[in-house]
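S.K.: So that we are looking at the same thing, I have put the structure below in structure tokens.
Just so you know, all these numbers are worked out from the coordinates, no wet-lab data involved. Since we're looking at a predicted model, the values are computed, not measured. Quick reminder, even Gly has a Cβ in these numbers, built from the backbone with ideal geometry, and neighbours come from all protein chains shown.
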Amino acid sequence: MILSLNIKNIALIEELSIELGKGLNILSGETGAGKSIIIDSLNFVLGDRADHSLIRHGEKIARVEVVFDDINPEVISTLEDLSIEIDDVIVITRVMSEGRSICRINSQIVNLSALRKVVGLLVDVHSQNEHQSLMKASTQLKILDDFSPHTQKIKEEYQLELQKYYEIQANLEQYSTLEDRERAIDLLSYQIEEITKAMPREGEEQELINSRSRYYNFQKINQALTYASDYLDSGMTLGALSLISKAIDELKSIETYDDSLISLIERLESVEIEVDDISQTLKEKLSSEGIDDINIDTIEKRLDEIRLIKKKYGKTIEEIENFLNEASERLDMLLNCEKNIEKLQKQLKESGLMLIQKAKALHKIRHESSNRFSNSIVKHLKDLGMTNTVFMIDLNFPEDDKDILNNLTINGVDKVEFLWSPNLGEPVKPLAKIASGGELSRFMLALKNVIADIDDIGTLVFDEIDSGISGKIAKEVAKKLCYIASARQVLAITHLPQLASMADCHYLIEKREEQGKTRTGVTLLNKQNSLKELMRLSGSKEDSQAGLNHAKELKEWADEYKKSLKK
């Protein structure tokens, strides 16, 4: 439901804020007051093409914000998929300047596609020029399926079987032709053999690199070991061990004079032992150090093998092992192809028969519900003054089982088209080809009454749905709008007092001249002012008692009808 619509610098609107209520919200006012501008603004923030001519004269930026609440689970899931922070309300903002527009949902910038995805679940706008979605076969099929509560279960069963059927087909396609299989077997066998022969063990490459480094740096290593050994114990008086020993002797000569020296002597003796052990280890390493045990040619060859394997089959041992396992499985499958193909073909045939059965069951329930749906639409259209209208649904379904399997889609095999003849004696034709704007508006009103209990969209907007009607039919249109509004929020622009009398919230749109500028304003009418507006819409003078009485009668009639809906 829309909580508020805030508009700034759109056409005649300098700044305007409308807080909408539950039920039926009616906008009325003189022609040219700016009612259509409000709808244009709403369409803009909901994702329509940015028309820069709408920016108010003398301004550089226009801004529209709409706030929704009563967020359904599907909206929440969509916001989560888009990584948009979820709050108690959804605030959608769109700013337009010369050359660009910026969209935000809950302060997060989004592209137009994401914006439309979210608002499509929140609000539906119906004007005489905006019924494109109704013309799409996919939309018509969805409307028909939503009408029948039993369709979804059969549809889900069909879709599960379709997924299974496609998976079997994909497995079969892996076998390809005999020539391709033989070529694949040769390649896989070569790859498996190459990997098996040259497969490196964990850490082997680094060990080889270290050995190669020792080989090419042997002289430097040997020299460093020799110097280190000599510095510790070269037999010379300047060796570390000799110097430590001399230091110990000196301190021992004076320890009787200072007891604190005893701990220092003990520490030096420990150091002497440690240095002596290091010296012995260095001598042993120096005597054993050599490069005779290193075959540099073997090392280089093995490193080349490992790097070739890594280049061809994976950067890590884990990746190479995964490649080897997949290749082995694929080879096993190809070597046993005849048996596997026979098994998969049997599975495909069984799945195909089941799929045909599910597609026929889906078609049957659609056919049954299409008759009930058509009759309901016609009934409502007749209430709306289209007494000679004919409406039917063409369900094109293949007669041959082979054709069924050749025309599979995620939604079944049916091709759906709404057919309509609004005038007596005319043949039915596709809805998209013959319906006028006014006829489509009334068709949409009939449709919304038929599916009022199954449509999850919280807000419906009707722009001048009363075009070309009056009198008794105007009352029928008002009743149908009211019926829809009993379960959701409806926003409608009207020139008819019958529709306006049904308003739960009635807004007057006015054009005023202030400080040399023309501005559009909106006022939420109280009961008394709403009666005055009904009088104006009826063509009565402001001081006409008869006009006031007629306005009161309309409100009483509307109130009585609303009460009847609650029984």
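S.K.: Past 22 Å, Cα to Cα, is the threshold; run LYS142/LYS382; LYS429/LYS475; LYS197/LYS310 against it and keep the listed order.
M.R.: Checking Cα-Cα distances, LYS142/LYS382; LYS429/LYS475 exceed 22 Å.
S.K.: Moving on. May I ask you to derive the FRET efficiency for LEU112 and THR298 from their Cβ-Cβ distance with R0 = 60 Å, giving the value to the nearest 0.05?
M.R.: 0.40
S.K.: On a 0 to 90 degree scale, rounded to 10, what angle separates helix 137-147 from the longest Cα axis of the chain?
M.R.: Between helix and principal axis, roughly 80 degrees.
S.K.: In region 1-38, what trypsin sites (Lys or Arg not before Pro) fall in a loop by DSSP, with at most 15 other Cβ atoms inside 10 Å?
M.R.: For trypsin sites (Lys or Arg not before Pro) across region 1-38 that sit outside H, G, I, E and B with at most 15 neighbouring Cβ atoms in 10 Å, the list reads LYS22.
S.K.: What pairs in LYS511/LYS563; LYS246/LYS283; LYS164/LYS415; LYS433/LYS472 have C-alpha atoms more than 32 Å from each other?
M.R.: Pairs exceeding the cut-off: LYS511/LYS563.
S.K.: Whole Å is fine, so just give me how far the alpha carbon centre of region 68-108 lies from that of region 240-275.
M.R.: 80
S.K.: Using Cα atoms only, what is the angle between the long axis of helix 240-252 and the major principal axis of the chain, expressed in degrees (0 to 90) to the nearest 10?
M.R.: 80
S.K.: Working only with C-alpha atoms, what are the Rg and Dmax values of region 198-330, expressed in angstrom?
M.R.: In Å, with Rg to one decimal and Dmax whole: 25.7, 87.
S.K.: Rank LEU408, ASN388, ALA361 by how far each Cα sits towards the positive end of the charge dipole of region 361-427 (+1 on Lys, Arg Cβ; -1 on Asp, Glu Cβ) and give me just the farthest.
M.R.: Projecting each Cα onto the dipole axis, the largest value belongs to ASN388.
S.K.: Taking only the alpha-carbon atoms of region 335-394, what semi-axes of the equivalent ellipsoid follow from 5 times the gyration tensor eigenvalues under a square root, in whole Å, largest first?
M.R.: Listed largest to smallest, the semi-axes of region 335-394 are 49, 8, 6 Å.
S.K.: Further question: With r defined as the distance between the Cβ atoms of SER564 and LYS349 and R0 fixed at 60 Å, what FRET efficiency is calculated, to the nearest 0.05?
M.R.: 0.55
S.K.: Now for a different question. For region 30-124, what is the charge dipole size about the Cα centre, in debye to the nearest 20, if Lys and Arg each add +1 at the Cβ and Asp and Glu each add -1 at the Cβ? Write out the running numbers ahead of the final one.
M.R.: Numbers: 10 positive and 16 negative charges, 115 e Å.
For this selection, approximately 560 debye.
S.K.: Using a 7 Å offset from the Cα along the Cα-to-Cβ direction at both ALA224 and SER189, what is the distance between the two label points in nm, to one decimal?
M.R.: Those two pseudo-labels are separated by 5.1 nm.
S.K.: Now a separate question. Using 7 Å Cα-to-Cβ label points, what is the ARG201/ALA487 separation (nm, one decimal)?
M.R.: In this crude label model, ARG201 to ALA487 measures out at 7.3 nm.
S.K.: Could you pull out every one of the aspartates and glutamates with an alpha carbon less than 13 Å from that of LYS527, ignoring same-chain neighbours closer than 8 positions?
M.R.: Leaving aside aspartates and glutamates fewer than 8 places away in the same chain, those within reach of LYS527 are ASP504, GLU556, ASP559.
S.K.: For region 72-216, what is the convex hull (Cα atoms) projected area averaged across all directions, in square nanometres?
M.R.: The Cα convex hull of region 72-216, projected and averaged over all directions, gives 22.0 nm².
S.K.: Let me ask something else. Can you tell me the FRET efficiency between ASP88 and SER138 if r is taken as the Cβ-Cβ distance and R0 is 51 Å, rounded to the nearest 0.05? Walk me through the intermediate numbers first.
M.R.: Working: r = 33 Å, r/R0 = 0.65.
According to the calculation, E is roughly 0.95.
S.K.: Hey, could you get me the Stokes-Einstein D for region 271-376, Kirkwood radius over alpha-carbon pairs, 25 °C and 0.890 mPa s, rounded to whole µm² s⁻¹?
M.R.: For these conditions, the coefficient is 110 µm²/s.
S.K.: Counting residues in region 1-149 as N, plug N into 2.2 N^0.38 Å and put the Cα Rg over that result.
M.R.: Against the empirical 2.2 N^0.38 Å value, I get 1.10 for region 1-149.
S.K.: Let me ask another. Which Cα, out of ALA170, SER564, THR226, lies furthest along the positive dipole direction of the chain (beta carbon charges, K/R +1, D/E -1)?
M.R.: Toward the positive end, the furthest listed residue is SER564.
S.K.: Return an integer: the convex hull volume of the alpha-carbon atoms of region 494-565, in Å³ per residue.
M.R.: 96
S.K.: Here is a further query. What GluC sites (Glu not before Pro) in region 38-105 are in a loop by DSSP, with at most 11 other Cβ atoms within 10 Å of the Cβ?
M.R.: Here the sparse-neighbourhood loop sites are GLU85, GLU98.
S.K.: Then there's this: Output the direction-averaged projected area (hull surface divided by four) of the convex hull of the alpha-carbon atoms of region 1-79, in nm². Present the calculation step by step, with values, prior to reporting the outcome.
M.R.: Details: hull surface 25.1 nm².
It is 6.3 nm².
S.K.: Once the cut-off is 38 Å, how many percent of the Cα-Cα pairs in the chain end up in the long-distance tail?
M.R.: Above the 38 Å cut-off, the chain has 59 percent of its Cα pairs.
S.K.: Considering the dipole of the chain built from charges on the beta carbon (Lys and Arg +1, Asp and Glu -1) around the Cα centre, which of ASN217, THR256, SER370 is farthest to its positive end?
M.R.: Sorting the options by dipole projection puts first SER370.
S.K.: In terms of modelled amide H atoms, which long-range or inter-chain residues lie less than 5 Å from the amide H of ILE13?
M.R.: Residues meeting the criterion, in which the H sits 1.01 Å from N, are THR520.
S.K.: Same structure, new question: Rounded to whole Hz and in sequence order, give me ³J(HN,Hα) for region 49-60 from the Karplus expression 6.51 cos²θ - 1.76 cosθ + 1.60, θ = phi - 60°, writing x for Gly and Pro.
M.R.: Per-residue couplings from phi come out as 4, 6, 9, 5, 6, 6, 4, 4, 4, x, 10, 9 Hz.
S.K.: ³J(HN,Hα) across region 20-37 via Karplus (A = 6.51, B = -1.76, C = 1.60, θ = phi - 60°), whole Hz, x for Gly/Pro?
M.R.: Whole-Hz 3J(HN,Hα) from phi for region 20-37: 8, x, 6, x, 8, 9, 10, 10, 9, x, 4, 4, x, 6, x, 4, 5, 5.
S.K.: Could I ask something else about it? Under 16 Å from a label point 7 Å along Cα→Cβ of HIS367: give me every residue in region 407-433 with its amide N that close.
M.R.: Residues 413-417 qualify, since their backbone N sits under 16 Å from the label point.
S.K.: Kindly express, to the nearest 10 degrees and within the range 0 to 90, the angle between helix 471-485's C-alpha long axis and the longest C-alpha principal axis of the chain.
M.R.: Value to nearest ten degrees: 30.
S.K.: Explain nothing, just compute: Karplus ³J(HN,Hα) = 6.51 cos²θ - 1.76 cosθ + 1.60, θ = phi - 60°, for every residue of region 388-403 in order, whole Hz, x for Gly and Pro.
M.R.: In residue order, the calculated couplings are 9, 6, 10, 9, 8, 10, 8, 10, 8, 9, x, 7, 8, 4, 5, 5 Hz.
S.K.: Separation of region 197-217 and region 300-333 by C-alpha centroid, Å?
M.R.: Region 197-217 and region 300-333 have Cα centres spaced 18 Å from each other.
S.K.: For LYS301, give me every one of the aspartates and glutamates with a C-alpha distance below 20 angstrom, ignoring sequence neighbours fewer than eight places off in its own chain.
M.R.: Answer for LYS301, where 20 Å is the Cα cut-off: GLU193, GLU194, GLU202, GLU204, GLU205, GLU207, ASP292, ASP293, listed by chain and number.
S.K.: According to the Kirkwood expression over distinct Cα-Cα pairs, how big is the hydrodynamic radius of region 158-274, in Å?
M.R.: 22.5
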